[in-house]
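Student: Here it is, the structure, as structure tokens.
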Amino acid sequence: MLLKWIRCTVNGRVEFDRRQRAWADLRGFAGFLGQRGGWDRANSSVAHVFGLWADRASYQAFMSGPHDLIASRQANTFTDVDVLLYETQQTIGHTPEEVNRQQMLRVARCKVHAGRVSHFTEVQASVWNPGMIRTPGFQGGVFAQRELNEFLVVTQWENSDAHDEYLRERFPGLREHATPDLDVQSIIGHQIVLQATWYVPGTPS
């Protein structure tokens, strides 16, 4: 799957929120698996949107087709935008589009030392994923990669309390076992409060 991450600094939350709903037109496009997003918990003027596509060919067909028309409906609602594409490598429990009752996303963007990529991906599968799956309130996610050594871990949680409990009760032990300090060059994290009206279900297969 292809994961698209869009980050926008918005001019006004109300107008951006209203026009974001125009992306409901994504549904019905071949290869579209779903989209959701919300507001950055640490910076209320930043919006994050995540879209899943079956493959790059489906995504490129959409970009060459109706994308610009839909995007024009949201013109002038943000001051800057950053778009990154990742190839998903692992599913963590459910994929993000298989449940729709979560309230929060946790995103970790990791730059990994070139010689530690193999270990980093192995412990994601053997340590982090099982640890999160066993945590109450965890509702699935994906582990994705772009270029050689940049990874994105997107996990969804029933609410912020569930994630906070994970950080208190499980994270320290998992971190000790995974030894991320040996692998990770840098990590940037975001907590995102999901907006139900931005959710677009995927095209039925």
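Student: Can you find, within segment 1-37, the residue that is most open to solvent (accessible area, probe 1.4 Å) among those that are in contact with a Gly (Cβ under 6 Å, 6 or more places away or on another chain) and either at pLDDT below 95 or farther than 16 Å from Y199 by Cβ (or both)?
Tutor: Going through the qualifying residues, I end up with L33.
Student: Condition first: in contact (Cβ under 8 Å) with a residue 40 or more places away in the chain, open to solvent by less than 50 Å² (accessible area, probe 1.4 Å) and in contact with a strand residue (DSSP E or B) (Cβ under 9 Å, 6 or more places away or on another chain). Now tell me which residues in segment 163-185 satisfy that.
Tutor: Selection gives H163, P180, D183, V184.
Student: Restrict the check to segment 19-31 and report whether at least one residue is basic (K, R), under 18 Å from L84 (Cβ atoms) and within 20 Å of the chain's Cα centre (by Cα).
Tutor: Within segment 19-31 (the criterion being basic (K, R), under 18 Å from L84 (Cβ atoms) and within 20 Å of the chain's Cα centre (by Cα)), the answer is no, since none of the residues qualifies.
Student: For segment 186-201, give me the residue count where each residue is out of contact with any Gly (no Cβ under 6 Å at 6 or more places or on another chain), open to solvent by 40 Å² or more (accessible area, probe 1.4 Å) and either hydrophobic (A, V, I, L, M, F, W, C) or not in a strand (DSSP E or B) (or both).
Tutor: 5
Student: Checking the conditions here, which among A75, A71 is free of Cβ contacts under 8 Å to residues at least 12 places away in the same chain, surrounded by fewer than 15 Cβ atoms within 10 Å (Cβ to Cβ) and either closer than 16 Å to G37 by Cα or in contact with a Ser or Thr (Cβ under 9 Å, 6 or more places away or on another chain) (or both)?
Tutor: None of the other options fit; the residue is A71.
Student: Mind telling me which of the residues V107, V123, V46, V83 ends up being in contact (Cβ under 8 Å) with a residue 60 or more places away in the chain and in contact with a Lys or Arg (Cβ under 8 Å, 6 or more places away or on another chain)?
Tutor: When all the criteria are applied, what remains is V83.
Student: If P136 satisfies every condition in (1) of a type outside the set (D, E); (2) outside any strand (DSSP E or B); (3) open to solvent by 30 Å² or more (accessible area, probe 1.4 Å); (4) at pLDDT 95 or above but one, which is the exception?
Tutor: (4)
Student: Collect the residues in segment 38-60 that are surrounded by fewer than 16 Cβ atoms within 10 Å (Cβ to Cβ) and part of a helix (DSSP H, G or I), keeping them in residue-number order.
Tutor: Within segment 38-60, R56, A57, Q60 meet the criteria.
The values are calculated or read from the model by the stated rules, or taken from the named source; none is laboratory data. Everything numeric in this text was worked out from a predicted model, so none of it was measured. Cβ sites come from the backbone with ideal geometry, for glycine too, and all protein chains shown count toward neighbours. Surface areas here come from the heavy atoms of the whole protein model, side chains and all, with no ligands, DNA or RNA. Shrake-Rupley method; radii C 1.70, N 1.55, O 1.52, S 1.80 Å.
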